[in-house]
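Enquirer: This is the structure, below, for whatever I ask next.
The values are calculated or read from the model by the stated rules, or taken from the named source; none is laboratory data. As the structure is a computational prediction, the values presented were derived from the model and not from experiment. Quick reminder, even Gly has a Cβ in these numbers, built from the backbone with ideal geometry, and neighbours come from all protein chains shown.
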Amino acid sequence: MLGNTKYITLEGAKTMMAAAEAEARKHNWNVAIAIVDAGAKLILFQKMDDTQAGGVNIAIGKATTAVNFKRPTKALEDMIAGGRSVFLAVEGITPVQGGLPIMVDGKLIGAVGVSGVRSPEDEQIAQAAIDTLTK
């Protein structure tokens, strides 16, 4: 029984994407933005003009990592920087700040990953997307 299971609709992802893009444009940042569901499957993706090609896979990787570990990718980056380099051996993770899980009522429903500018700025853009859920 699914009950009141929350999930990201396509329309919801479009609203989140618009907010992320607006945040990036406000600062003249060219980025790639990925929104994934709770199974780490891509719902929506966009690459702004003049974003470096490598940002595509990094944004998707950050979103996937945030879902798979149910935490911001910055937490994994900090663990590795703190000496837990064993996490570098985990296949398929992108332990770089800029991926945020989307939690609703304590449940993981997806994530946003951003790549293209400095990592704190990537996370700022991802947070702008998630903030649409509370408006």
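Enquirer: Identify all residues within the range 7-44 that are in a strand (DSSP E or B) and closer than 18 Å to Glu121 by Cα; write none if there are none.
Expert: Within the range 7-44, Ala32, Ile33, Ala34, Ile35 meet the criteria.
Enquirer: Under 8 Å by Cβ, and 6 or more places apart or on different chains, what pairs join a residue from the range 90-103 that is modelled with pLDDT of 95 or more with one that is part of a loop (DSSP other than H, G, I, E, B)?
Expert: Listed pairs, sorted by first residue: Gln97/Pro72; Gly99/Pro72; Leu100/Pro72; Pro101/Lys70; Pro101/Arg71; Pro101/Pro72; Ile102/Ile8.
Enquirer: Please work out which residue is surrounded by the fewest Cβ atoms within 10 Å (Cβ to Cβ), limiting yourself to the range 114-134 and to residues that are among the β-branched types (Val, Ile, Thr) and in contact (Cβ under 8 Å) with a residue 60 or more places away in the chain.
Expert: Ranking the candidates gives Thr132 first.
Enquirer: Considering only the range 40-75, state which residues are aliphatic (A, V, I, L, M), in contact with a strand residue (DSSP E or B) (Cβ under 7 Å, 6 or more places away or on another chain) and either under 16 Å from Ala20 (Cβ atoms) or surrounded by fewer than 21 Cβ atoms within 10 Å (Cβ to Cβ) (or both).
Expert: Residues satisfying the conditions are Leu42, Ile43, Leu44, Val56, Ile58, Ala59, Ile60, Ala63, Ala66.
Enquirer: Filter the range 104-113 down to the residues that are out of contact with any helix residue (DSSP H, G or I) (no Cβ under 8 Å at 6 or more places or on another chain) and in contact (Cβ under 8 Å) with a residue 60 or more places away in the chain, then identify the one that is farthest from Val67 (Cα to Cα).
Expert: Ranking the candidates gives Asp105 first.
Enquirer: Ok, one more. Among the residues in the range 59-71, are any aliphatic (A, V, I, L, M), touching a helix residue (DSSP H, G or I) at 6+ places or on another chain (Cβ under 6 Å) and farther than 13 Å from Ala129 by Cα?
Expert: Taking every residue of the range 59-71 in turn, at least one turns out to be aliphatic (A, V, I, L, M), touching a helix residue (DSSP H, G or I) at 6+ places or on another chain (Cβ under 6 Å) and farther than 13 Å from Ala129 by Cα.
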